[in-house]
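Below you'll find the structure, written out as structure tokens, and then a few comments.
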Amino acid sequence: MINFRFHIVSLIAVFLALALGIVMGATVVNRAIVDRLNSRIDTVEDNANKRKAESDQLRGQVGQLNQYIDGTKNFAIAGRLDGVSLTTAATRGVNGDAVKQTVELAQQAGARAPGIIWLEEKLTLSDPNALRDLGELLGRPGQNAKTTREDAWNALASRLATGSGTAANGRDVLNALADAGFISFEPVGDQGDTFSAASFGGGDARVLLIDGPNGQVSANEVLAPLSTALASNRFQLVAGEVFDEKDGGPKRGATLAPVRDSDQLKQAVSTVDDLDVVEGRVATVLALADLGRNVVGQYGYGAGATKSAPEWPSQ
């Protein structure tokens, strides 16, 4: 006879069976999931190890190529700038080693390149006192920052072209700008032993103008107006970029946009956007040499570049 105790026992047995089924089922499912996840993790680790190995291999190849370029650069540039006078101006803030190494390479190519004219942060003219000082130095006080700075570029270009030019106080423009903190001079190598403002001057000189994303004076305030002033004084000019990649920062070639985006300037000014690497410094020397053949080009890997380096001349 079925009694109440039988029902209780039956119900307990049912719930125990359900509980046991759930526990066993969950264990089996979880084990399968865990195994599958472990398999995926192993696959990801294998892929990561393969990518790392490939990356290490590519890094090694790049290192070998850089060693090759560095080892052969002197053969590529030997004699390319024999007898050429070179004036180098660079915006303070860009990598000084890259600028100096470019000048040293030009010296090895035969150029007379005694040093660097650094364009200092004071040329931003964000300080009213700096604006006043520069205006008075140029003999044109009371103008706005843009006009005063362009007057400075014109005075600098004229001084470099003619070898002469005086400030309002009668002093050499280069020395006056240096004493006021707007520019400074850095000698380079043995040629820099006799370095002075008198080292610069003469319309037969070629000019290397260097800027980059770390430049303390905006490229828009330097490259286009100073390149225009130099070109107006019949200088043969190469504008170079020392690139520094940063998250969210400008792309390679952006610094040179004021020149490369100008229909007028890009016909007269060569540009190189990779002076941060040895191949870019070699390309810069070759571009300076090509100016002697009236060849102008846009070189590098960034926006606006048309080829990585100048072509080897046929003769």
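The values are calculated or read from the model by the stated rules, or taken from the named source; none is laboratory data. Since the model is a prediction, treat every value here as computed from it, not as a measurement. Here the Cβ positions follow ideal geometry from the backbone for every residue, glycine too, while neighbour counts run over all protein chains shown. We work out accessible area using only protein heavy atoms, side chains counted, and drop any ligands, DNA or RNA first. Shrake-Rupley method; radii C 1.70, N 1.55, O 1.52, S 1.80 Å.
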Practice problem: Return the total of residues in segment 112-124 being at pLDDT below 95, open to solvent by 10 Å² or more (accessible area, probe 1.4 Å) and in a loop (DSSP other than H, G, I, E, B). | Solution: 0
Quiz item: Does Thr271 satisfy the condition of being polar (S, T, N, Q), touching an Asp or Glu at 6+ places or on another chain (Cβ under 8 Å) and not in a loop (DSSP other than H, G, I, E, B)?
Solution: yes
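What strands (runs of 3 or more DSSP E) lie completely within segment 155-256 and have 2 or more residues being within 24 Å of the chain's Cα centre (by Cα), β-branched (Val, Ile, Thr) and under 30 Å from Asp82 (Cβ atoms)? I'd like the intermediate steps shown before the answer.
On the way: elements: 183-187, 206-211, 236-241.
Passing ranges, in order: 206-211.
The rows are residues; the columns are (1) closer than 20 Å to Leu226 by Cβ; (2) open to solvent by 40 Å² or more (accessible area, probe 1.4 Å); (3) assigned to a loop (DSSP other than H, G, I, E, B); (4) modelled with pLDDT under 75.
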| position | (1), (2), (3), (4) |
| --- | --- |
| Arg51 | no, yes, no, no |
| Ser55 | no, yes, no, yes |
| Gly63 | no, no, no, yes |
| Ile69 | no, yes, no, yes |
| Asp82 | no, yes, yes, no |
| Leu86 | yes, no, no, no |
| Ala98 | yes, no, no, no |
| Glu104 | no, yes, no, no |
| Gly110 | no, no, yes, no |
Exercise. Within segment 279-315, work out how many residues are touching a residue at least 40 places away in the same chain (Cβ under 8 Å), assigned to a loop (DSSP other than H, G, I, E, B) and open to solvent by 50 Å² or more (accessible area, probe 1.4 Å).
Key: 2
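Could you pull out the residue among Asp190, Asp244, Asp211, Asp179 that is touching a residue at least 24 places away in the same chain (Cβ under 8 Å) and open to solvent by 40 Å² or more (accessible area, probe 1.4 Å)?
Going through Asp190, Asp244, Asp211, Asp179 in turn, the sole match is Asp244.
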